[in-house]
Amino acid sequence: MEKEEDPRNGDDHVTATKKPKLTNFITESELRSEFSHHEAGVARINNGSFGCCPGSVLAAQRSWQLRFLQQPDHFYVSTLRPNLLRSRALIQTLINAHHIDEVSLVDNATTAAAIVLQQIGRRFAHHRNDTVIMFRCAFPAVKKSIQAYVTRAGASVVEVDLPFPVSSNAEIIAEFRKGLSSAKSDGRKVRLAIIDHITSMPSVVIPVRELVHICREEGVEQVFVDAAHAIGSVSIDVQQIGADFYVSNLYKWFFAPPSVAFLYCRKSNPSSSETHHPVVSHEYGNGLPVESSWIGTRDYTPQLVVPAIMEFVNQFEGGSEGIMRRNHEEVVRMGKMLAEAWGTSLGSPPEMCASMVMVGLPSKLHVLSDDDATRLRSHLRDKHGVEVPIYYRAPKNGEKGESEPRDDHGLITGYARISHQVYNRIEDYYKFRDAINRIILEETSLQGCF
């Protein structure tokens, strides 16, 4: 007998708020006011790490917090769940999920990975020689979840190298096919593929639909897309993507306060009923959306402000789509400006970037290890007021490899991941450009200065 659906999961009658038609868009002064809480004097070109939250959304969050503190029992009984449902309905529309009970709200992509991987780990208890495939540059917390839930159960992991610098989707697809062939060798079954939508470091937009399709063709049992950077950065259609699980953080590019993410679980996937929140509370067994809606007394307000976020983004021409388009155009423009100033190059073509782009750093900086990259990042923060991640990319073909990226003075082994969000100004990128030029002009190196 089929299990009756819990009505708290939602139903098809829940509808999202329609986007209003605006004639007057947000002004520059209003925009500056929204982010006036940002520390003055810092070139904050690292939105990709922790995101940002406008003042109007923070005010909405404080209002929800006060409502809870005024009468907690009434808030829990009558207010919390219907408003979580409203947030989920808005997300359902944004990502084109088939049904609202495919959408759960969780803390972050790390929590979502634990939810998915503990379910997968149980399967490996009976299939100890089977495999998981993922990119080598997958987020470290996801790799730890693999270690905690999957390799402990006896599974093997195949890591696919991400070509970088990269010039086409075809390069990524070829490497993934090669890794999948290795994962299936000796008759092993690939139980799970973990695919990034936008990798973190280095940052590249992955041809996720194509890779999911390949997984289906090759008999991969389940596909989990880690799209931590996606919502608010690229358009998402989970039905077209076709993965079993898809997670994205709302606080990175969608203006939510920390910390909230959505986890999409495809309803037609038989294992979705076996997927549970790792924190077991009163709602265990009532479906993941309901389980996630109450994991004990905590602050749920980041999950409640999605309507306020929609009000904010709809003040911009084109709404969320317009923001994404302008962020992409500006980050590419700033990346090209920096690369031209330094005589370097971008790490990928513009069409493989979203709101972040990798820019080659001058070889004179001597970024020759991960430690060098960390020291340069700290120096830029502490001495120059620039917040930007630095990535070390080891030469693949040795120092004389003709295909290695170079400037006029040697191999390019350091890259900066620059972001663009609505609060950024061109002066932020000029400040970064000038800081790098100043370091080089002073003829310092990582070994001598940092």
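The values are calculated or read from the model by the stated rules, or taken from the named source; none is laboratory data. All figures in this text were calculated on a predicted structure; none of them were measured in a lab. All Cβ positions, even for glycine, are placed from backbone atoms using ideal geometry, and neighbour counts span all protein chains on display. Please note that ligands, DNA and RNA were not included when accessible areas were found on the heavy atoms of the full protein model with its side chains. Shrake-Rupley method; radii C 1.70, N 1.55, O 1.52, S 1.80 Å.
Kindly indicate whether M310 is open to solvent by 20 Å² or more (accessible area, probe 1.4 Å), over 23 Å from F262 (Cα atoms) and part of a helix (DSSP H, G or I).
Details: open to solvent by 20 Å² or more (accessible area, probe 1.4 Å): yes; over 23 Å from F262 (Cα atoms): no; part of a helix (DSSP H, G or I): yes.
It is false that M310 is open to solvent by 20 Å² or more (accessible area, probe 1.4 Å), over 23 Å from F262 (Cα atoms) and part of a helix (DSSP H, G or I).
Quick check, is E404 under 29 Å from the mean Cα position of the chain (by Cα), modelled with pLDDT under 95, of a type in the set (D, E, K, R) and not in a helix (DSSP H, G or I)? Answer is yes for this residue.
When G322 is tested against (1) open to solvent by 10 Å² or more (accessible area, probe 1.4 Å); (2) small (G, A, S); (3) not in a loop (DSSP other than H, G, I, E, B), only condition (1) is not met. Looking only at residues in segment 142-199 that are aromatic (F, W, Y) and assigned to a helix (DSSP H, G or I), the one that is surrounded by the most Cβ atoms within 10 Å (Cβ to Cβ) is F176.
P165 satisfies every condition listed in (1) out of contact with any Pro (no Cβ under 6 Å at 6 or more places or on another chain); (2) in contact (Cβ under 8 Å) with a residue 12 or more places away in the chain except (1). Report yes if V212 is assigned to a helix (DSSP H, G or I), touching a residue at least 24 places away in the same chain (Cβ under 8 Å) and within 24 Å of V238 (Cα to Cα), otherwise no. So V212 fits the description; yes.
Only residues that are touching a Ser or Thr at 6+ places or on another chain (Cβ under 9 Å) and within 18 Å of A256 (Cβ to Cβ) were counted in segment 68-90, giving 8.
Scanning segment 124-141 for residues that are in contact with a helix residue (DSSP H, G or I) (Cβ under 8 Å, 6 or more places away or on another chain), closer than 21 Å to S200 by Cα and open to solvent by 60 Å² or more (accessible area, probe 1.4 Å) gives a single hit, F139. Screening the candidates D196, D237, D244 for the property of being among the acidic types (D, E) and farther than 23 Å from K143 by Cα yields one hit, D237. The residue of segment 338-349 that is farthest from A170 (Cα to Cα), among those that are part of a helix (DSSP H, G or I) and open to solvent by 40 Å² or more (accessible area, probe 1.4 Å), is A341.
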